[in-house]
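See structure below.
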Amino acid sequence: DLNIDYYSGDFAEQLYELDKEAKYIVYCKSGGRSSRAMSLMKELGFKNVKNLEGGITAWINKGFPLKTI
């Protein structure tokens, strides 16, 4: 698991350290920030990025399990 704060001043720089060929699922509370993060990642050349539409809130509301670490 990797957590990168979309609002951190070096968000884009942190993305440059990631493997652009790896698979990523991005999420946030409601899906807005993760949607913008996914768009930026695709602009930077990431090949396989998915956004959890509606965020964790939608996931929980659909009754899916949530495991915290």
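Using the 1.4 Å probe convention, the accessible area of the range 24-69 works out to 72 Å² per residue with neighbouring protein chains retained.
Stretching E53 away from R36 to a fully extended chain increases their span by 5.0 nm, per 0.36 nm per residue minus the current alpha-carbon distance.
Can you list which of the chymotrypsin sites (Phe, Trp or Tyr not before Pro) found in the range 5-54 are DSSP loop residues with at most 16 other C-beta atoms within 10 Å?
Y6, Y7
In the chain, helical runs assigned H by DSSP with n ≥ 4 each contribute -39500 (n - 2.57); averaged across all residues and rounded to the nearest 500, the mean residue ellipticity at 222 nm is -10000 deg cm²/dmol. Near the amide H of V26, within less than 5 Å, lie the amide hydrogens of K50, N51, L52, all on another chain or at least 5 residues away, with H placed in the peptide plane.
Treating the Cα atoms of the chain as identical point scatterers in vacuum, please give the log10 of the normalised Debye intensity I(q)/I(0) at q = 0.12, 0.16 Å⁻¹, two decimals. So the normalised log intensities are -0.32, -0.56.
Taking other residues whose beta carbon is less than 15 angstrom from the beta carbon of Y24, and scoring Lys, Arg as +1 and Asp, Glu as -1, yields +1.
Computed over protein heavy atoms with a 1.4 Å probe, the carbon and sulfur contribution to the accessible area of the chain reaches 51%. Annotation for the chain: trypsin sites (Lys or Arg not before Pro) lying in DSSP loop with at most 16 further Cβ atoms inside 10 Å of their Cβ are K20, K29, K47, K62, K67.
The values are calculated or read from the model by the stated rules, or taken from the named source; none is laboratory data. Quantities reported herein were computed from a predicted structural model and do not represent experimental measurements. When we count neighbours, we look across all protein chains shown, and the Cβ atoms used for this are built from the backbone with ideal geometry, even at glycine. SASA here: full protein model, heavy atoms, side chains in, ligands and nucleic acids out. Shrake-Rupley method; radii C 1.70, N 1.55, O 1.52, S 1.80 Å.
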